[in-house]
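Notes follow once the structure below has been shown.
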Amino acid sequence: MRRRLRRRTRQHEPGDINITAFMNLMVILVPFLLITAVFSRITILELNLPAAGTTQTANEQPFQLEIIVRANSIEVGDRSGGLIKRLPTTETGHDYRQLSELLQQVKSRFPEKLDATLLLEADTAYDTMVQVMDSIRVARVAQAGSVQLAELFPEISIGDAPVDNARVASSKVP
C-alpha cells in the first residue's frame, strides 16, 4: 500500500516550468520596442485673454501694446494711443524681421513692459500666428559674434482683430 501511495505522490509532483523561450522573446522584444518608440516633446505656451477695459483716468492710461495681424499688413500700436506703425506685406508674405526690429524699439522705450495683445483676423494661418508670436516673445540680437535671444514681450494675450474699416469700405464700392 505504501508503494501505491509513493507512486501517486511521485506522479502528481509539479514539474519545472521551462521559461527559456519566453526569456529569449523578451530579450529581443524589449530593445526592439525601445528603439522604435516615438519620443515626443510637448511644449505648452501659456496664453491669456485680452484684458477687459479698465477704469483709469485719462492721465494714467499705461502703454498697452497691440499687434493686429491682417491679411495685407501687421499693425503695431497702443490701445489708447493709436497706431505706431503699419508693416505692409511683401511679395514673400509678412515681414517678421521688420516687426522684430520695431518691437525692439518699443521695448527700449518701455523696458518694464512684459505683456502684449495679439489680435488676429479669422482667416489668419496658424503658421503666421506662430511666427508673429515668436517675434513678439524674443528677438535675435547679434552680440560679440554670436546670436543671443533677448526677451521682448513674453506674456501674450490673443484675441480677434477688429474689423478693418478701410477694407470693408473698399469692398462695398461698386
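Taken together, the values in this text are just the output of simple stated rules run on the coordinates, not laboratory data. As the structure is a computational prediction, the values presented were derived from the model and not from experiment. FYI the Cβ positions are ideal-geometry reconstructions off the backbone, even for glycines, and counts take in every protein chain you see.
See the values below:
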{"quantity": "Segment Thr90-Arg109, length gained on full extension (0.36 nm per residue, minus Cα span)", "calculated": "4.1 nm"}
{"quantity": "Estimated distance in nm for a label pair at Ile35 and Met23, the labels positioned 7 Å out from Cα along Cα-to-Cβ", "calculated": "2.2"}
{"quantity": "Likely footprinting exposure, Leu87, Leu33, Leu103, fewest C-beta neighbours within 10 Å first", "calculated": "Leu33, Leu87, Leu103"}
{"quantity": "Square roots of 5 times each gyration tensor eigenvalue, C-alpha, region 63-162, largest first, Å", "calculated": "21, 17, 12"}
